[in-house]
1. Only one of 386, 314, 302 is free of Cβ contacts under 8 Å to residues at least 60 places away in the same chain and under 29 Å from residue 243 (Cβ atoms). Can you tell me which?
2. Provide a single number: the residues in the stretch 216-225 that are without any contact (Cβ under 8 Å) to a residue 40 or more places away in the chain and either within 19 Å of residue 65 (Cβ to Cβ) or surrounded by 13 or more Cβ atoms within 10 Å (Cβ to Cβ) (or both).
3. What tally of residues in the stretch 165-190 results from selecting those that are free of Cβ contacts under 8 Å to residues at least 60 places away in the same chain and within 22 Å of residue 104 (Cβ to Cβ)?
4. Give the number of residues within the stretch 127-136 that are over 26 Å from the mean Cα position of the chain (by Cα) and either surrounded by 20 or more Cβ atoms within 10 Å (Cβ to Cβ) or under 19 Å from residue 51 (Cβ atoms) (or both).
5. On the basis of being at pLDDT 95 or above and either outside the structural domain of residue 22 (by TED's automatic domain parsing) or touching a helix residue (DSSP H, G or I) at 6+ places or on another chain (Cβ under 8 Å) (or both), does residue 133 make the cut?
6. Of the conditions (1) at pLDDT below 95; (2) surrounded by fewer than 22 Cβ atoms within 10 Å (Cβ to Cβ); (3) touching a strand residue (DSSP E or B) at 6+ places or on another chain (Cβ under 7 Å), residue 203 clears all except one; give me its number.
7. Test residue 381 against the criterion of being touching a residue at least 24 places away in the same chain (Cβ under 8 Å), over 27 Å from residue 326 (Cα atoms) and not in a strand (DSSP E or B), and give yes or no.
8. State whether the residues of the stretch 374-391 include one that is farther than 27 Å from residue 427 by Cα, surrounded by fewer than 16 Cβ atoms within 10 Å (Cβ to Cβ) and touching a helix residue (DSSP H, G or I) at 6+ places or on another chain (Cβ under 8 Å).
């Protein structure tokens, strides 16, 4: 049976699944229930200095749904913990004492002054927690205090606060990054330069979930007015994976430990984050939708997958997919794919034909010998993968790679076996070498 235990920057836990800093980790009672259910660790809901913040006394969450009412995205406008700092610290102390084998990381967000960080760090460290996470990602509220994304969007501030924390605390420092930037790499580089032991990402994305067209007001709203919130959940996963991969493959941050966050709902999601370099995986939305016991499915699924693939531990899986990611201009332009319809599985629904005919390359015919029949016209197919993506039957459509020497029916040219990319293509006026 695969070993799911991890050692993340010296923080040990029996499995990689940590509850992210959010409402599910706001109180001792919640965290204890989570540990009883099997979670490997928690990042305590972000604490700050007193006087504590004030949350709205009305709707804080909103959800986007698929047609079958599955939650595809979650939005919240809740701020950091609105309970006294002392209360949070006392509860952290008890939880860590009673659950020594589980990871307990304290999330902190205070004004961007050295004195504020100097004052709170010893108090947090006295709880016995395993590490601290610097919340540089909260996208709403408290920016007037120089907190949250107001810090995370400025690399110089990230480096400065990380340096303070490494100076005033002996605990591992994890910097939580905001996705509300044009490029995640400068923030990660700044965290590393400031001495941070790891980064966690992504925090939530600026969002408005919708508009009530009867009331002509955004929702959720408080007394008729609303504010943008932070978007998370399955819909955020592709953005999170991209940003995790950018840090994992950036020469300046390669090897920097990553705690992956963003839409993890299944063991497969977790495996993808780990394959792109994550050492631990944080979960929030899935727990808020399904409850704490979802961790049992996450652990069982990940363990079974690792057994099937022959991975004895998570270190053998971590980062294995990073090398498959490159920049567009490095993709092989001599590679040719064609779509294939497997007639034994095709249910003749026609969706592939409709989308290809209307929105792509008119490469799928609809009739044969006067009968309804769908077939790829290779002389028109560019291998775009749209038909495979929308087909409702798994395996009924796939992509076939043309071998060297085969003729591409669309161009009339034989497929060559050697690699060539845009940097040397004759159509590129900025090419750097001889055309291949």
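The values are calculated or read from the model by the stated rules, or taken from the named source; none is laboratory data. Not measured: the values here are computed from a predicted model. No Cβ is skipped: glycine too gets one built from the backbone with ideal geometry, and neighbour counts run over all protein chains shown.
1. 386
2. 2
3. Count: 8.
4. Final tally of qualifying residues: 1.
5. no
6. It is condition (2) that residue 203 fails.
7. No.
8. Looking for residues that are farther than 27 Å from residue 427 by Cα, surrounded by fewer than 16 Cβ atoms within 10 Å (Cβ to Cβ) and touching a helix residue (DSSP H, G or I) at 6+ places or on another chain (Cβ under 8 Å), one finds at least one in the stretch 374-391, hence yes.
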